[in-house]
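Encoded as structure tokens, the structure appears first; notes follow it.
Please treat every number below as a calculation from the coordinates, not as lab data. Only a predicted model underlies this, so the values are computations on that prediction, with no experimental measurement involved. Methodologically, a virtual Cβ is constructed for each residue, glycine included, from the backbone with ideal geometry; neighbour enumeration extends over all protein chains shown.
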Amino acid sequence: MLRSQPLILLALTPVALIGQEHPFLGGLTLQEQAGTVLLEWTLTGGSTCNGIQIERAYSGQGFVQIGEIHGLCGDLVDPVDYSWNDVSVQQLSSPSYRLKLGVDGYSSVKSITLMELNENEQLLFPIPAEDRVTLLLRLAPQTPFDLRVQDLAGRVVLDRRGISGGRVSWDVRSWLPGTYIYAVQAEGRRYAGKLVIL
């Protein structure tokens with residue numbers, strides 16, 4: 001004979017988890033510096049951990065360890081500042097970082113969008129172009145430069161002077177389809193390349 005078992009129903013209520021920084025950390029900041037990312041953080045006073053691992057992820061990929069600080073970290077009394085420089089980050093990317101504090105868990109995830117070149121001297125995009133074109137130059141942020149764009153017949157179609165910041169964009173919607181040549185002068189250096197408009 002079959003015995004009936006009592007039926008137990010559980011009502012599951014969704015729980016919202018609100019992320020917060022690890023209690024040992026007084027913050028984690030990221031700063032782009034000449035094609036690298038500087039990570040800075042503070043371990044609060046009274047907190048220690050056995051080693052810190054620095055991890056990085058790019059969009060759609062998992063975190064991988066890219067650095068480590070060995071040994072006992074932090075201090076039983078005073079806050080301790082730390083920094084680490086990611087010199088192998090991909091240019092013009094948007095990496096995310098987190099810290100693993102020994103066996104005490106992870107920091108929150110911090111992300112940054114890199115705007116400086118660290119591999120190329122110049123980069124023009126998109127190629128070919130229809131609407132807008134952006135030119136990036138590997139220059140110090142306040143370095144002024146002059147830009148001139150000519151068509152293949154030698155006619156000047158754009159002439160801008162005293163641009164600073166290592167980045168310039170311009171509208172090409174009114175330009176005729178074809179190939180154009182650009183030239184940049186910056187502190188005795190010359191950059192040049194081709195631009196194709198559809």
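Each residue of the stretch 78-94 in turn: what ³J(HN,Hα) in whole Hz from Karplus with 6.51, -1.76, 1.60 and θ = phi - 60°, glycine and Pro shown as x?
9, x, 10, 8, 10, 8, 8, 10, 8, 8, 10, 6, 6, 5, 6, 10, 10
Take the Cα pairs of the stretch 122-197, get the Kirkwood Rh, then feed it into Stokes-Einstein at 20 °C and 1.002 mPa s and tell me D in µm²/s. Walk me through the numbers before you get to the answer.
Details: Rh = 12.5 Å.
Calculated translational D: 171 µm²/s.
For the stretch 53-64, in order, what is each residue's ³J(HN,Hα) by Karplus, 6.51 cos²θ - 1.76 cosθ + 1.60 with θ = phi - 60°, in whole Hz (x at glycine and Pro)?
So the J values, rounded to whole Hz, are 9, 9, 10, 10, 9, 9, 3, x, 10, x, 6, 10.
Each residue of the stretch 170-178 in turn: what ³J(HN,Hα) in whole Hz from Karplus with 6.51, -1.76, 1.60 and θ = phi - 60°, glycine and Pro shown as x?
8, 7, 10, 4, 8, 7, 6, x, x
Enumerate the amide H contacts of Leu25 below 5 Å, restricted to partners 5 or more residues apart or on another chain; note that Pro and chain-start residues carry no placed amide H.
Distant-sequence amide H within range of Leu25: Thr44.
Per-residue counts of other Cβ atoms within 10 Å, averaged by peptide: what ranking do you get for 32-42, 74-84, highest first? Walk me through the intermediate numbers first.
Details: 32-42: 16.5, 74-84: 13.5.
Ranked from most to least packed, the peptides come out as 32-42, 74-84.
Stretch Val77-Thr143 to full length: gain in nm at 0.36 nm per residue minus the Cα-Cα span?
Roughly 19.2 nm would be gained on extension.
Packing-wise, with mean Cβ within 10 Å as the measure, how do 89-101, 164-176 rank, highest first? Can you show the working numbers first?
Values: 89-101: 18.1, 164-176: 14.1.
Output ranking for 89-101, 164-176: 89-101, 164-176.
If amide H atoms are built 1.01 Å from N in the plane of the peptide, which residues on other chains or at least 5 residues away come under 5 Å of the amide H of Ser93?
Leu114
Once the Cα gyration tensor of the chain is found, what semi-axes does its equivalent ellipsoid get, as square roots of 5 times the eigenvalues, in whole Å, sorted largest first?
Values: eigenvalues 494, 149, 32 Å².
Computed over the chain, the values are 50, 27, 13 Å.
Using 0.36 nm per residue of separation minus the Cα-Cα distance, give me the extension gain between Ile181 and Asp104 in nm, one decimal.
Working: separation 77, 0.36 × 77 = 27.72 nm, distance 5.64 nm.
Working it through step by step, the gained length comes to 22.1 nm.
In percent, what relative contact order does the chain have, based on Cα pairs under 8 Å that are 6 or more apart in sequence?
Numbers: 414 pairs, mean separation 30.3, N = 198.
Here the relative contact order equals 15 percent.
Quote to one decimal, in nm, the extra length available between Thr134 and Glu40 on full extension: 0.36 nm per residue of separation minus the C-alpha distance between them. Let's see the in-between values first.
On the way: separation 94, 0.36 × 94 = 33.84 nm, distance 3.12 nm.
Result for the pair: 30.7 nm of gain on full extension.
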